[in-house]
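Structure, as structure tokens:
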Amino acid sequence: MRDVAVINVGVTRFGEMWDESFRAIGIEAGMQAIMDAGIAGDDIDALYVGNMSAGRFIDQEHIGALIADYSGMASAHIPATRVEAAGASGGLAFRQGFLAVASGLHDIVVVGGAEKMTDVGDVQSNSIQATAADQEWEVTLGATFASLHAMIAKRYMYDFEAVREELAAVAVKNHRHGAMNPKAQFRREITMDTVLNAPKVADPLGMFDCSPNSDGSAAVVLCSLERAREFTDTPVKVLASSQASDTLALHHRNDICTFAGTRVAARRAYEMAGIGPQQVQVAEVHDNFSISEIIAIEDLGFFDRGTGGKATVDGQTAIGGNVAINTSGGLKARGDPVGATGVAQIVELVHQLRGEADRRQVEAEVGLAQNVGGTGATVVVNILGVA
Amino acid sequence: MAAPRFWREAPSRYNLVATRCGNCGSVSFPPRSFCPKCHRKSVGRMERFRLAGKGSVYTYSVVHEVPSELDMQKPYVIAMIEMDEGAKLTAQVIDVDPKDVHIGMRVRATLRRLGDEGPDGIIHYGYKFVPILN
Ligand SMILES: [Zn+2]
């Protein structure tokens, strides 16, 4: 295996973009990343695209070829592969691109992620997102994607005597971060009261505990580290990439307040990078619901079990805290165009490690991204560092 | 969900048919062809049986933002039930004020209508849970 670097990134604004098609959104981030990297179409060896459910959202499958074509690469006939693992599609596409370059098979690979969710209504979008859970034994019986996470939250509050405000603190903090991100879907701060008094979705979760429906795309260009400086003065090295799976249905876990998938993927990633959680200064984690961030920061080893919520209330996960979590605003405020999310996490880490994060900037040499599919049935952990 | 896909699962949806591993005794619901703990050692030793239908609420949520086919029931209680035989499953808890549901609450399974395929379509049945009254 050889070392791999990110040489450039691109990301669209996230939000409801009713005037733009999937293919227009899908290529925008990729074109930014390619143009800025100063590479030409025939330098690119392969394309990987994270996408969860274009078939359900816009009645279009075969997304790999579509994105390659509309990026002007059809005549180059490069391999173009769609990667799907529900919410972890983007992080997993990044991992596939990493493996292709690390193996020596390819030198330059573009990884994109894209989703167009707002062509369908909220009720239908919720039902499409629930396909990440077990359709036969969870969803058919009345579970929604939000209610599965609400059941985790309810049990977490019972096991650790946590309070509702700990969940709300995640949303308040991520909106504060998102307000400083020009690409974020929500760029305004919210108060604890706003979160607590929002319409209920699935008790104890309200509207502000849940990430929104979003359109958007993100892209990165990967290159072997030895060639990276041909294209950029500030390559960011991929220190580790790791992936784990777990039971599809949440009820088949002994303990639902920890994701073994995250714990195992993190352990493997820390080993590969030769670091521990205390070396990570900035992390993008999968806060599709407020409770998800609390569990993630415990499972990644930043905080002990049952203390993630309290640490959030204390400001330890904010910009300026011990470890800055979701400086982009996270899924909650930056937005969550599902297949794009895992790639957008990488984009934020690259901005941070290059010192390009503007008002969101933290002092960081190492950044970690955790991307989750379903209720933890797939978890991808990628670690990046200053090269 | 298409009708054959629903009928196929009828033994477990109507009668809570599960499997018990002949090697370690652990219970899987719905049935599995081998045990997640014992793998090869359990092949051919997974015996089918009916859960007695009683259990306790492991966790729950009152659902307010619901799928369109459940709109008439909103808000409803979804729960994870830990069955007395050991397996956990997900189901609605009904015939109860949502405010009275709590972790540890004793419940039993009952066969109810889960949904249908439109006004003239087939009606699907399956398990929901009701409180066990002392
Ligand atoms: Zn066994």
### Message
Restricting to the stretch B:22-31, and then to whatever is within 10 Å of the ligand (Cβ to nearest atom) and assigned to a loop (DSSP other than H, G, I, E, B), can you tell me which residue is nearest to the other protein chains (Cβ to nearest Cβ)?
### Response
B:26
## Note on the structure
Taking the stretch B:69-111 and keeping only residues that are assigned to a loop (DSSP other than H, G, I, E, B), under 18 Å from residue B:17 (Cα atoms) and of a type outside the set (D, E, K, R), one is left with B:86, B:87
### Message
Can you tell me which of (1) without any contact (Cβ under 8 Å) to a residue 12 or more places away in the chain; (2) open to solvent by 40 Å² or more (accessible area, probe 1.4 Å); (3) more than 9 Å from every other protein chain (Cβ to nearest Cβ); (4) more than 16 Å from the ligand (Cβ to nearest atom) is the one residue B:14 doesn't meet?
### Response
(1)
### Message
For the stretch A:343-379: of the residues being outside any helix (DSSP H, G or I) and among the polar types (S, T, N, Q), which is most open to solvent (accessible area, probe 1.4 Å)?
### Response
A:361
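Residues are listed down the side, and each one gets a yes or a no for (1) more than 20 Å from the chain's Cα centre (by Cα); (2) of a type outside the set (Lys, Arg):
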site	(1), (2)
A:200	yes, no
A:206	yes, yes
A:212	no, yes
A:239	no, yes
A:242	no, yes
A:245	no, yes
### Task
Return a yes/no flag: does the stretch A:259-270 have any residue that is part of a strand (DSSP E or B), within 14 Å of chain B (Cβ to nearest Cβ) and surrounded by fewer than 19 Cβ atoms within 10 Å (Cβ to Cβ).
no
## Note on the structure
Restricted to the stretch A:63-85 and to residues being without any contact (Cβ under 8 Å) to a residue 12 or more places away in the chain and part of a helix (DSSP H, G or I), the residue farthest from residue A:31 (Cα to Cα) is A:75
#### Entry: Candidates B:114, B:70, B:51 - the one that is among the aliphatic types (A, V, I, L, M), within 11 Å of chain A (Cβ to nearest Cβ) and under 18 Å from residue B:30 (Cβ atoms)
B:114
### Filtered residue count, the stretch A:100-126, keeping only those that are surrounded by fewer than 18 Cβ atoms within 10 Å (Cβ to Cβ), within 14 Å of chain B (Cβ to nearest Cβ) and not aliphatic (A, V, I, L, M)
3
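Taking the stretch B:115-132, which residues are part of a strand (DSSP E or B) and either in contact with a Lys or Arg (Cβ under 8 Å, 6 or more places away or on another chain) or open to solvent by 20 Å² or more (accessible area, probe 1.4 Å) (or both)?
Of the residues in the stretch B:115-132, the ones part of a strand (DSSP E or B) are B:115-116, B:123-131.
B:116, B:123, B:124, B:125, B:126, B:127, B:128, B:129, B:130, B:131 - these are the residues of the stretch B:115-132 that are part of a strand (DSSP E or B) and either in contact with a Lys or Arg (Cβ under 8 Å, 6 or more places away or on another chain) or open to solvent by 20 Å² or more (accessible area, probe 1.4 Å) (or both).
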### Query
Inside the stretch A:207-230, can you point out the residues that are within 14 Å of another protein chain (Cβ to nearest Cβ), surrounded by fewer than 24 Cβ atoms within 10 Å (Cβ to Cβ) and outside any loop (DSSP other than H, G, I, E, B)?
A:207
### Query
Is it fair to say residue B:93 is surrounded by 19 or more Cβ atoms within 10 Å (Cβ to Cβ) and more than 9 Å from chain A (Cβ to nearest Cβ)?
yes
#### Entry: Qualifying residues in the stretch A:137-171 (those that are within 19 Å of the chain's Cα centre (by Cα) and open to solvent by 10 Å² or more (accessible area, probe 1.4 Å)) - the one nearest to the other protein chains (Cβ to nearest Cβ)
A:146
#### Entry: Meets criteria (outside any loop (DSSP other than H, G, I, E, B) and modelled with pLDDT of 95 or more) for residue B:66
no
### Message
Restricting to the stretch A:2-43, and then to whatever is free of Cβ contacts under 8 Å to residues at least 40 places away in the same chain and of a type outside the set (A, V, I, L, M), can you tell me which residue is least open to solvent (accessible area, probe 1.4 Å)?
### Response
A:41
#### Entry: In the stretch B:32-51, residue nearest to the ligand (Cβ to nearest atom) [restricted to those that are open to solvent by less than 60 Å² (accessible area, probe 1.4 Å) and not in a loop (DSSP other than H, G, I, E, B)]
B:42
### Task
Answer yes if at least one residue in the stretch B:52-75 is within 16 Å of the ligand (Cβ to nearest atom), without any contact (Cβ under 8 Å) to a residue 40 or more places away in the chain and within 17 Å of residue A:141 (Cβ to Cβ), and no otherwise.
no
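The values are calculated or read from the model by the stated rules, or taken from the named source; none is laboratory data. Source: prediction; values computed, not measured. When we count neighbours, we look across all protein chains shown, and the Cβ atoms used for this are built from the backbone with ideal geometry, even at glycine. Surface accessibility is based on the protein's heavy atoms, side chains included, excluding ligands, DNA and RNA. Shrake-Rupley method; radii C 1.70, N 1.55, O 1.52, S 1.80 Å.
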